[in-house]
Structures are given as C-alpha cells and as structure tokens.
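Peer 1: Input: one structure, supplied below.
The values are calculated or read from the model by the stated rules, or taken from the named source; none is laboratory data. Fair warning: this is a prediction, and the values are worked out from it, not measured in the lab. Virtual Cβ from ideal backbone geometry, glycine too; neighbours counted across all protein chains shown. Accessible surface is based on the protein model in full, side chains and every heavy atom, while ligands, DNA and RNA are left aside. Shrake-Rupley method; radii C 1.70, N 1.55, O 1.52, S 1.80 Å.
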Amino acid sequence: MVRIYKKGNRKPLVVKSFSDEKLGGKEQALQEAIQWRNEQIKINGIIDHRFVEAPAAHNFHARNTSGVTGVSIDYRIDAKSGVTHAYWLAKVVVAGKPKTKSWSIRRHGYKKAWELAVAFRIKMTSQSLTIQAPPKPNQKLLSWAAENQIQLSRE
C-alpha cells in the first residue's frame, strides 16, 4: 500500500493498494507500487519527501492495546434498546477502501472474538502474528462485563 501525505495534513492525499496476487507476486507488486508512488510525487508537486518501509507499519505502537495492528476493542450502543455491546474489531484497507469487521464478545467470548478478528486481519493483510493471546481486559471492558453479567475469561 502506498499513502502520500502533504506536509501538515493527517489525511492522505492519495492512497493505493497493490495486490501481490493480482500483480503476480510480491516483487512485481512492490515495483508497481514504487513506480506509482514516484509518479504521484511528481504529479502532486511534492518536493520534500521521505519513505517509510512497510514493516514499520506493523510494529507495536504505544496506542495499540490489542497487540495486533488494526485490531481493537470497541463498544456499540443499540439505538432501540440502549444496550451497550462490546466487540473485537478488525480494520483493513483493501484496494484503497477501508473494510471493518467485528465479533461480539458476548456471543463468541473474549478470547475467541479476538482470535476471529486477528485471523481476519491476517487473512486480509498477510500480517505476521507475534502474540498468541489477547491482552488482559481493560477497566472499561471489565465494568461493561460486570454490568451485563458476562464472565470474561481469556479462554
């Protein structure tokens, strides 16, 4: 994936993904991505630029609380009943378009929902997994589980 930002902007100017499968392998996809990036830098008149290699995007970041890039816990309030639902969420960008999928902690359990989110993220991105279990539930999730009488085990 290539993302080009103009200095001072948090939103990318242009974004494009390059599929290994569609382009005949990683090397060909990389070459296409580099060529497209260089063209976009010229087209958009970007003079001062730096490149960030893809592996850095998959490193553990201080804001990452799940241990897996693109996987997080989120909460949804049902508009009709007012009931709050907790779920593990996986986010990916496919062909330049964001895709999000979630798994209910109430329905699947804490660990299984995390495993499903991680499996989806790995399938969609070929991201490598460095941890084998979800992190301990945070206080917000523990409070939600207590209010809803849900047992949160990491199993």
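Peer 1: Determine whether A113 is of a type in the set (A, V, I, L, M), at pLDDT 90 or above and either out of contact with any Phe, Trp or Tyr (no Cβ under 9 Å at 6 or more places or on another chain) or part of a helix (DSSP H, G or I) (or both). Reasoning before the result, please.
Peer 2: Working: of a type in the set (A, V, I, L, M): yes; at pLDDT 90 or above: yes; either out of contact with any Phe, Trp or Tyr (no Cβ under 9 Å at 6 or more places or on another chain) or part of a helix (DSSP H, G or I) (or both): yes.
Answer is yes for this residue.
Peer 1: Filter region 1-29 down to residues that are among the aliphatic types (A, V, I, L, M) and in contact with a helix residue (DSSP H, G or I) (Cβ under 9 Å, 6 or more places away or on another chain) and give me whichever is nearest to S126 (Cα to Cα).
Peer 2: M1
Peer 1: Going through region 71-115 one residue at a time, which ones are acidic (D, E) and surrounded by fewer than 15 Cβ atoms within 10 Å (Cβ to Cβ)?
Peer 2: Passing the criteria: D74, D78.
Peer 1: Report, by residue number, each residue of region 26-38 that is at pLDDT 90 or above and of a type in the set (D, E, K, R).
Peer 2: Matches in region 26-38: E32 only.
Peer 1: Sticking with this one: Checking the condition modelled with pLDDT under 80 and open to solvent by less than 90 Å² (accessible area, probe 1.4 Å), which residue from L129, L142 passes? Spell out the reasoning first.
Peer 2: Values: L142 fails: modelled with pLDDT under 80.
Just a single option satisfies the conditions, and that option is L129.
Peer 1: Tell me which residues, restricted to region 7-28, are of a type in the set (S, T, N, Q) and either open to solvent by 60 Å² or more (accessible area, probe 1.4 Å) or in contact with a Pro (Cβ under 6 Å, 6 or more places away or on another chain) (or both). Break it down into steps so the answer makes sense when it comes.
Peer 2: Our first condition is that a residue be of a type in the set (S, T, N, Q); within region 7-28, this holds for 9, 17, 19, 28.
Hits for region 7-28 are N9, Q28.
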